[in-house]
Amino acid sequence: MSRTTPATLALSRTAVAFSLAEYAYDGTAERVGLHAAAALGVSPAIVLKTLMVEVDGKRVDWSETVTYRGMMMTGVPNFVWVMGYFRASWTLRVDMMGDFVCNLLNHMDDIDAKKVEVVLRPQDEGMAIMPWIEADNFNPGYLMRGLDAMPRRGDKPEWRHNQDYWAEKDAFPLIDLRSDEFRYA
């Protein structure tokens, strides 16, 4: 396994602390995902098996997080997960997310914040918490087998991974970075 990837280079350039969970990668393995899961000691059903994040020394259990618009997770500061659309051009959503991240970083500079995380707001109390994606929206076997290990979603638009470009293209530019779901430090 290579110790240098685009991700490790980016982390090194930005002085983000990380450690490698190394294993002997076998590109000839019949099922590379199963091979990686066995080597890392994680369930092969977990979709995010090679993304192991710790916050305050505790490994993040993605199933205990709630997604903010399918890109940030509660309890995981300074983290944006770039995920495009399933049935439309991947880059449509990724471009919007890039604009969001740039706006977020500029806002953090403006208020001299080093940390941001999303939190459920008081008005979200009692909100229904459901699986990450609706099974009738996107249901490949690998995702359905690991759905219980994925982040959760709420029943409000800001707490779900929307697959509707036409709704998000109008909503993303209007995200108020000063609203209650963003906590800065």
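Values in this text are rule-based calculations from the coordinates and carry no lab data. Since this is a predicted model, take the numbers as computed values, not measurements. Neighbour counts run over all protein chains shown; Cβ positions are idealised from the backbone, glycine included.
Taking the range 152-168 and a reference point 7 angstrom along Cα→Cβ of residue 61, the backbone N atoms nearer than 19 Å belong to 152-154. Candidate membrane-span-like segments in the chain, meaning DSSP H helices with Cα atoms spread over at least 20 Å of their own axis and a Kyte-Doolittle mean of -1.0 or above, are 90-110, with no membrane implied. Rounded to the nearest 0.05, what FRET efficiency do residue 39 and residue 123 have when you use their Cβ-Cβ distance and R0 = 25 Å? Result of the calculation: an efficiency of 0.05.
Its Cα centre serving as origin, the range 42-184 has a Cβ charge dipole (Lys and Arg +1, Asp and Glu -1) of approximately 440 debye. Using C-alpha pairs under 8 Å with a sequence gap of at least 6, the mean separation divided by the residue count of the chain gives a relative contact order of 25 percent.
Once R0 is set to 22 Å, what does the formula 1/(1 + (r/R0)^6) return for the Cβ-Cβ distance between residue 110 and residue 18, expressed as a FRET efficiency to the nearest 0.05?
Efficiency computed from Cβ-Cβ geometry: 0.20.
Computing Cα Rg over 2.2 N^0.38 Å directly from the structure and comparing it against (i) 1.17; (ii) 0.99; (iii) 1.08 singles out (iii).
In this label model, residue 167 and residue 135 are separated by 2.1 nm, measuring between points 7 Å along each Cα→Cβ vector.
Name the longest site-free stretch of the chain, where the excluded sites are trypsin sites (Lys or Arg not before Pro) in a DSSP loop with no more than 14 other beta-carbon atoms within 10 Å. Within the chain, the longest run free of exposed trypsin sites (Lys or Arg not before Pro) spans 116-177. Just checking the listed ones, 116, 101, 32: in the Gaussian network model of the chain with Cα springs under 10 Å, the one fluctuating most is 32. With contributions of -39500 (n - 2.57) from each DSSP H run of at least four residues, the per-residue ellipticity at 222 nm computed over the chain stands at -8000 deg cm²/dmol.
In this structure the amide hydrogen of residue 70, modeled in the peptide plane, comes within under 5 Å of the amide hydrogens of 160, 161, none closer than 5 places in sequence on its chain.
Multiplying the sequence separation of residue 155 and residue 26 by 0.36 nm and subtracting their Cα-Cα distance, what value in nm do you get?
Working: separation 129, 0.36 × 129 = 46.44 nm, distance 4.12 nm.
Separation in residues times 0.36 nm, less the Cα-Cα distance, equals 42.3 nm.
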